[in-house]
Every structure is written in C-alpha cells, then in structure tokens.
Amino acid sequence: MVVVINAINNEFAIASGSNVNVTMAYSYFDYPPNSTKGLVITSNAGDPSPYEFGVGDSYDLSWSGNGGSSTIEDAVVIRSDYVGPGQGAVVFEGTDSESGELVQLVWSPAFDLEGWYWSNGGSPSNPNAFWTTDQNATATYQTICFAEDTHVDTPSGPRPVQALRTGDAVLTLDNGSQPVLWVRRHVQRLNHRCDKSAPILIRASTLGKKRPHKDLIVSPQHRILVGGQGQLDDHFQGEAFVPAKALTVLPGIRQLLGRRTAIWVHFACARHEIVIADGCFSETLLLGDMVMAGLTMQERYGLHRAFLTSQAGSQPLNGPPARPCMAVRHCRDHLRERKTLHFASRKTQGIMNTSTQPPQKAITLLGSSA
C-alpha cells in the first residue's frame with residue numbers, strides 16, 4: 001500500500017548546502033518554515049509500515065517555495081522522535097533532483113514549527129537550527145490502534161472492535177456512553193526481521209487484577225492508562241497515559257516478533273476518551289495531523305463535518321488528551337527505578353516512598369523547549 005501524506009505548511013522546513021550538518025548533531029534552517037509549502041510525502045511500494053517513520057526508511061518528497069519546486073526520491077529518515085500526544089519530529093535526507101544538492105527536511109506533524117522558529121530566536125538573518133539525530137532511540141513516530149478481535153465495552157456489552165460502526169456507542173471512563181464518530185480498519189505488513197513496529201502483547205492481569213482480563217494486543221505507541229482504575233496503581237502516583245511499548249520492561253508485556261501482518265482498527269469519539277478494551281483502560285484515537293494527512297480529501301472533509309468542535313491551529317481535531325502523557329524513556333526509567341528501589345527496600349527491610357509525579361516532556365527541536 002502506497003500512502004500519500006499532505007503536510008501542513010507551518011510544520012516543515014529545509015536545510016541545504018552549507019546549512020546541512022553544521023555539526024554532527026544539527027543543521028540550520030535555510031529559511032523560516034513559512035517560506036516553503038505544499039510538502040507531499042509518498043511512501044514506497046512494499047513499505048510494510050508506511051505510517052511508522054523508522055530511521056532508515058525511505059520516502060519520496062516534493063514541495064515548493066523560494067522561487068521553485070523541489071523533489072527528492074528515496075529520501076532517508078535520519079531522525080524520528082515521538083515527542084508528545086499525536087506529535088512527532090522527523091528528519092529526511094536526500095539529494096534534490098533539480099539542484100543536485102544534499103537536502104535535509106524537518107517535518108513536525110501536529111506541532112507548529114513556524115511558531116517555534118520565531119519564538120526561539122530564529123530570523124532570516126539569524127537562522128535557527130534543528131537536531132538531525134534521534135533524541136530518543138526508543139521513540140519512533142507512528143499511529144496508534146487496536147488489534148482486530150479486541151473487545152471494547154459498549155452499553156450492550158463487549159463488542160469486537162472491527163464490528164464498530166459510525167454512530168455506535170462505547171462506554172467511556174469520563175463521559176459515559178459516547179458515539180463513535182469515525183472508525184477505520186487497515187492491514188499492516190510487518191518486517192518480521194525488525195521489531196520496531198511489532199505489536200505489543202499485554203498478558204492477562206499484568207497491569208492488575210483482571211487488567212486486562214484476557215491477553216490484549218495493541219500497536220507500540222498505543223497509550224495505556226496507569227496509576228488508577230486498578231492499573232499499576234502502586235507504580236504511579238496519579239493517572240497518566242503511557243505508550244504500550246514503554247511497559248515492556250515489566251513481566252508479561254512484550255513485543256510479538258515474527259509476525260508478517262497485523263490487522264488494526266482505530267476509532268475516534270468527539271473527544272479523546274478512555275475506554276475499556278478486554279478489561280484494560282486505554283485510549284481512543286487522537287485525531288492529530290498525522291492521521292488527517294494520511295486520509296483522502298473526501299475522508300478529511302467528512303471528518304471535519306463530523307467533528308464540529310474542531311480545535312484551532314495544530315491541535316488535534318478531538319483533543320486535548322484525556323490524561324497527561326508520559327514519554328517512553330521517562331516511563332521506562334521510572335519503572336526501572338521503582339524496581340531497583342523495591343529490591344533495595346526488601347534487602348534492608350526499610351520503607352521507601354518512591355512515588356513520583358509523571359514527568360512532563362517538552363518538545364525540543366534544538367535544545368530549547370518549544
């Protein structure tokens with residue numbers, strides 16, 4: 001399946017010529033982000049996971065601005081960071097087909113790169129810069145979804161997620177019964193030799209008693225509720241979302257390697273909600289720019305009609321997130337620290353209070369918080 005993504009104009013910029021690789025870690029912007037427009041990102045045929053922008057993957061790029069149009073065939077992803085709910089920072093590198101120059105293009109789905117540029121001292125005479133290397137090797141930008149045959153709680157009882165249709169009601173933690181406004185199913189071909197996009201298996205009762213009540217399979221970035229509702233209550237102080245892949249440091253949670261395909265279903269409500277899937281509290285789809293960009297014009301038009309309370313600017317269409325969101329690295333560090341302190345406590349027979357507030361992750365493109 002070839003995926004075509006039409007990026008939003010304030011969410012990308014380029015570096016070329018002497019602005020590329022000013023150091024081993026960053027490059028300078030050629031121009032402010034508003035100087036370029038019309039970025040189209042096209043996946044290559046045979047890409048098993050076109051919505052996951054892993055380092056080393058390649059895409060065809062085209063855009064216009066600064067007096068002409070440019071294209072790069074087989075631009076390689078050299079950075080891919082998941083930096084917040086629905087937000088990412090992806091850097092492509094390749095040779096401009098027209099000029100023959102080496103070009104790096106930074107794309108920040110669901111994040112206002114133009115606003116960040118001006119707010120952090122950028123100007124035409126004093127260009128800002130962006131990281132060109134991964135800031136977190138464990139975080140890759142991709143979409144989230146449930147595996148087919150996951151059962152979601154509805155007013156009439158659990159229902160297979162693939163059986164949900166627009167208008168069907170699901171039970172939510174915060175807002176009771178809510179109608180599904182959008183649902184989509186797709187087949188993902190997996191690279192069985194690479195684990196970056198492999199599904200996450202959460203064994204029954206791993207998060208707490210009957211949480212989930214049976215084995216649950218979700219995509220790596222699918223956020224799971226922790227710190228409440230009987231899910232890892234003793235590991236976190238206060239409810240927060242964590243990506244499923246961050247929990248693989250715990251027994252009973254792992255990536256399913258060796259699979260060649262996965263059938264995914266994602267659905268969205270008027271707001272970002274917490275639902276119960278096979279006894280596990282987890283999120284519905286947050287309709288950020290990445291989801292929107294991968295849709296046809298007709299699908300986007302239908303979504304905007306369905307979600308009348310559209311958010312302004314780069315906010316997700318049905319945002320904000322229902323709970324604070326922890327980054328993969330912060331969650332894993334927290335869980336490892338808890339484990340270390342637990343063993344130390346048992347050894348000394350002391351009592352320790354190791355609870356922490358969920359840390360907040362700032363979106364960083366150069367070294368300053370956006």
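Okay, here's what the table says:
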| item | result |
| --- | --- |
| Whole-number percent relative contact order across the stretch 190-286, with pairs defined as alpha carbons under 8 Å at least 6 apart | 33 |
| Computed over the stretch 161-262, Kirkwood Rh from alpha-carbon pairs, angstrom | 15.2 |
| Pairwise centroid distance, computed over Cα atoms, of the stretch 200-222 with the stretch 257-275, Å | 13 |
| With 10 Å bins from 0: P(r) over the stretch 1-110, alpha-carbon pairs, percent | 15, 52, 30, 3 |
| List Arg185, Arg79, Arg259, Arg159, ordered by accessible area with a 1.4 Å probe, largest first | Arg185, Arg259, Arg159, Arg79 |
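The values are calculated or read from the model by the stated rules, or taken from the named source; none is laboratory data. Quantities reported herein were computed from a predicted structural model and do not represent experimental measurements. Areas reflect the complete protein model, heavy atoms only, side chains present, ligands, DNA and RNA absent. Shrake-Rupley method; radii C 1.70, N 1.55, O 1.52, S 1.80 Å.
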